[in-house]
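Everything on this sheet refers to the single structure shown next.
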Amino acid sequence: MSEQEGEQSDRKKYEFQKVIEDLRDYEGSGTQLVTIYIPPDKQISDVVAHVTQEHSEASNIKSKQTRTNVQDALTSIKDRLRYYDVYPPDNGIVIFSGAIDSGGGRTDMVTKVLENPPEPIQSFRYHCDSAFLTEPLEHMLADKGLYGLVVLDRREANVGWLKGKRVEPVKSASSLVPGKQRKGGQSAQRFARLRLEAIDNFYQEVAEMANDLFVPERGELDGVLVGGPSPTKDEFLDGDYLHHEIQDKVLGKFDVAYTDESGLYDLVDSAEDALADAEVMKDKNEMEEFFKQLHDGDKATYGFEPTRKNLVMGSVDRLLLSEDLRKDVVVYDCGDKEEYEFIDQRQDTPTHTCEDGTEVEADEREDAIEFLMNIADQRGTETKFISTDFEKGEQLQSAFGGVAGILRYSTGV
């Protein structure tokens, strides 16, 4: 994945995350909030038929209000489905529709359509409840990283992928390594030699399977995990059977009891700490560079206004935004220039006193991440979302307002 594609993916994930946070706050009276997950291979006509059937069956709902709300939601979904041809977009569609409580006994009809989620939708789901079904999307948004998996003992081996949180078994092999007890007529020395040759041949076969799978993806590969009993996994790694570029990406070796497909899942469980460290390592590197420039150099900026000014100047190489940043930017027209307030999203829009003393109302209000990313896009600046799961990432949020940047050159701003 190119840096530009990575940024587009990050932006899309953030946009989805914002919608999900809104949806989680919505509640319906009774089971009247409808969620539909549509996989990319599901024909739209089949979905329309399903929605039509649900609309008909909803006429049996005893509560008139719930019945009306469910049927209105389904009608809204059918209207949205008309915009699509035979099949949904590449990764499918998720549609949320329903009458949400807006206080004082009133309801508002909400319909949200999310196209092309980060991962393909695996199966069609129709869900009607007092809350929207967001968990499958949340799992997709949590998906990060591509890791190669190898589990082996001297009898069998399996290789596969960990894509985000999803394990995908791909290839397996069984060995011809004889047991430890030799047959009659063979010398102990000859038997031992044949057995070692068989083990070596099997390790080569497993390495070939892994190399065939991992080497073509080595540019996107975040790491390789190897599991199995001792000493098998140790012999395999110490023998340099893997391609050198794949060997260099091995994050660790882990004790795993099973080496069939279930062993791949056990391997991921055993490697949880190593995966968490690898996941956050890229963010750590960005923050290490930021702090180095902050203390020993002159190519760091932080805080909303200094970072905004540097972005506009085109001097920011990488914009660093906390994943937990939940702020808005309020824009005010102060005559010959615009002025800004950086406020919590839950805060009411304040009036503003311009530098010349004039008090003005807000001109517009926008999500801070969208505001900053739009400037970054126009100036060719790369945007990085930084996790708060480590000390310096948490400091970005708590001490620097969730906004910082590494500069291309010193500006003094």
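The values are calculated or read from the model by the stated rules, or taken from the named source; none is laboratory data. Note that the coordinates shown come from a computational prediction; the quantities given were computed from them, not determined experimentally. Cβ sites come from the backbone with ideal geometry, for glycine too, and all protein chains shown count toward neighbours. Heavy atoms of the whole protein, side chains included, go into the accessibility calculation; ligands, DNA and RNA do not. Shrake-Rupley method; radii C 1.70, N 1.55, O 1.52, S 1.80 Å.
As a size descriptor, the averaged projected area of the C-alpha convex hull of region 1-128 was calculated at 8.4 nm². The mean of 1/r over all pairs of different alpha-carbon atoms in region 260-357, once inverted, gives a Kirkwood hydrodynamic radius of 17.5 Å.
Taking the C-alpha atoms only, the angle from helix 64-81 to the longest principal axis of the chain is near 70 degrees. Measuring against 25 Å, Cα to Cα, the residue pairs LYS42/LYS171; LYS13/LYS163; LYS163/LYS284 contain LYS42/LYS171 as the ones spanning a longer distance. Close amide H contacts of ILE386 (hydrogens built in the peptide plane, cut-off under 5 Å, sequence separation of 5 or more or a different chain): LEU321, SER322, GLU323.
What Kirkwood hydrodynamic radius, in Å, does region 216-319 give when the mean of 1/r is taken over all pairs of distinct Cα atoms and then inverted?
17.0
Residues whose amide H comes within less than 5 Å of that of ALA300, counting only those at least five positions distant or on another chain, are LEU407 (H built at 1.01 Å from N in the peptide plane).
Listed values for region 383-391 are Karplus-derived 3J(HN,Hα) couplings in whole Hz (6.51 cos²θ - 1.76 cosθ + 1.60, θ = phi - 60°), namely 9, 10, 8, 10, 5, 9, 7, 8, 4, and x replaces Gly and Pro.
Length, then width, then depth: along the principal axes, the Cα atoms of region 250-302 run 54, 16, 13 Å.
Shown is the FRET efficiency for GLU338 and LEU146, computed with R0 = 45 Å from the Cβ-Cβ distance and rounded to the nearest 0.05: 0.60. Given R0 = 22 Å, the distance between the Cβ atoms of GLU288 and ASP317 translates into a calculated FRET efficiency of 0.90. Element breakdown for the chain at a 1.4 angstrom probe: carbon and sulfur atoms account for 43% of the accessible area. Using the alpha carbons alone, the radius of gyration of region 291-331 stands to its Kirkwood radius in an Rg to Rh ratio of 0.99.
Computed from backbone phi with θ = phi - 60° and the Karplus coefficients 6.51, -1.76 and 1.60, the 3J(HN,Hα) list for region 122-128 is 7, 8, 6, 9, 10, 9, 10 Hz; x is used for glycine and proline.
What number does region 113-272 give for Rg over Rh if you use C-alpha atoms and the Kirkwood radius?
Taking Rh as the inverse mean 1/r over Cα pairs, Rg/Rh reads 1.12.
Annotation: aspartates and glutamates with alpha-carbon distance below 16 angstrom to LYS62 (same-chain offsets under eight excluded): GLU54, ASP72, ASP129.
Listed by chain and number, the aspartates and glutamates whose C-alpha is less than 13 Å from the C-alpha of LYS249, apart from same-chain residues fewer than 8 away, are GLU217, GLU220, ASP222, ASP240.
For the chain, the Kirkwood estimate of hydrodynamic radius, built from reciprocal distances between every pair of different alpha carbons, is 25.6 Å. Label-to-label distance, ALA173 versus LYS18, with points set 7 angstrom from Cα along the beta-carbon direction: 4.9 nm. Here the peptides 198-206, 381-389, 357-365 are ranked by packing, the mean other Cβ count within 10 Å, and the order with the highest first is 381-389, 198-206, 357-365.
For the chain, the per residue solvent-accessible surface stands at 52 Å², with DNA, RNA and ligands left out and a 1.4 Å probe. Placing a label point 7 Å from the Cα of THR349 along the Cα-to-Cβ direction, the residues of region 325-339 whose backbone N falls under 18 Å of that point are 327-335, 338-339. Applying the Karplus relation 6.51 cos²θ - 1.76 cosθ + 1.60 with θ = phi - 60° to region 101-107 yields 3J(HN,Hα) values of 5, 10, x, x, x, 9, 10 Hz, where x marks Gly and Pro.
The Cys residues in the chain with no partner Cys Cβ within less than 4.7 Å of their Cβ are CYS128.
When +1 charges are put on Lys and Arg Cβ atoms and -1 charges on Asp and Glu Cβ atoms, the dipole computed for the chain relative to its Cα centre reaches about 1940 debye.
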